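Below: one structure, written as structure tokens.
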Amino acid sequence: MPSSFRKTMLKVSIASLFFLASATTQAIQDSSSENIEVIEVSSNKSVGFYRSQLKKAEEGFYDEFNKLTVDPKFKIQCKKEKPTGSSITVKYCHPQYVLTELAEQTQLALQTGLSRPRMEDVMSSLKAEQKEANDHMLKLINEHPSLYQRFMNLRVSKQNLEKKLNK
């Protein structure tokens with residue numbers, strides 16, 4: 001047989017093999033996609049469940065943060081209060097420096113006859129301290145894997161609650 005004929009036959013054979021391999025691969029993919037069972041998972045957990053998870057994550061984060069914080073002004077204090085005119089108890093968590101400033105402004109208001117300070121007004125007067133506290137918290141989160149993990153748990157818990165509320 002002439003060598004040109006062999007080369008042609010070889011090219012045809014190789015092309016046939018590639019075509020066959022391609023067709024076989026496609027057939028396998030088609031048949032495997034037909035046999036794949038898709039299972040969709042959805043949660044029937046209540047909003048209360050996610051609120052509870054968020055509450056636990058917050059408490060865990062604040063506890064770990066307070067253990068690692070040396071400066072008492074940055075420690076987070078939580079307390080439950082009933083806002084004026086409400087019978088529903090609300091939990092508030094603030095750094096000690098905020099509570100100290102609120103107490104000082106409240107004392108001044110009582111002495112001068114002015115109205116009691118609002119938390120928004122107290123917070124707006126503490127911008128420099130707030131930046132210092134945020135920097136301190138960020139430093140501790142970066143330095144301590146246990147606090148970082150608690151922070152991530154808090155973040156995920158908050159996202160899960162938001163997803164549930166937005167459904």
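Loosely packed, with under 11 Cβ neighbours inside 10 Å and either in contact with a strand residue (DSSP E or B) (Cβ under 7 Å, 6 or more places away or on another chain) or modelled with pLDDT of 90 or more (or both), is that true of Lys163?
Details: loosely packed, with under 11 Cβ neighbours inside 10 Å: no; either in contact with a strand residue (DSSP E or B) (Cβ under 7 Å, 6 or more places away or on another chain) or modelled with pLDDT of 90 or more (or both): yes.
For Lys163, the condition - loosely packed, with under 11 Cβ neighbours inside 10 Å and either in contact with a strand residue (DSSP E or B) (Cβ under 7 Å, 6 or more places away or on another chain) or modelled with pLDDT of 90 or more (or both) - is not met.
Of all residues in segment 149-160, those being farther than 7 Å from Ala57 by Cα and surrounded by fewer than 19 Cβ atoms within 10 Å (Cβ to Cβ) number 7. With respect to (1) exposed (fewer than 13 other Cβ atoms within 10 Å of the Cβ); (2) within 29 Å of Lys164 (Cβ to Cβ); (3) not acidic (Asp, Glu), the lone exception for Thr112 is condition (2). The number of residues in segment 105-155 that are at pLDDT 95 or above and of a type in the set (Val, Ile, Thr) comes to 1.
The values are calculated or read from the model by the stated rules, or taken from the named source; none is laboratory data. Remember, it's a predicted structure, so these values are computed and weren't measured experimentally. Glycine also receives a Cβ, built like all others from the backbone with ideal geometry; neighbour counts cover every protein chain displayed.
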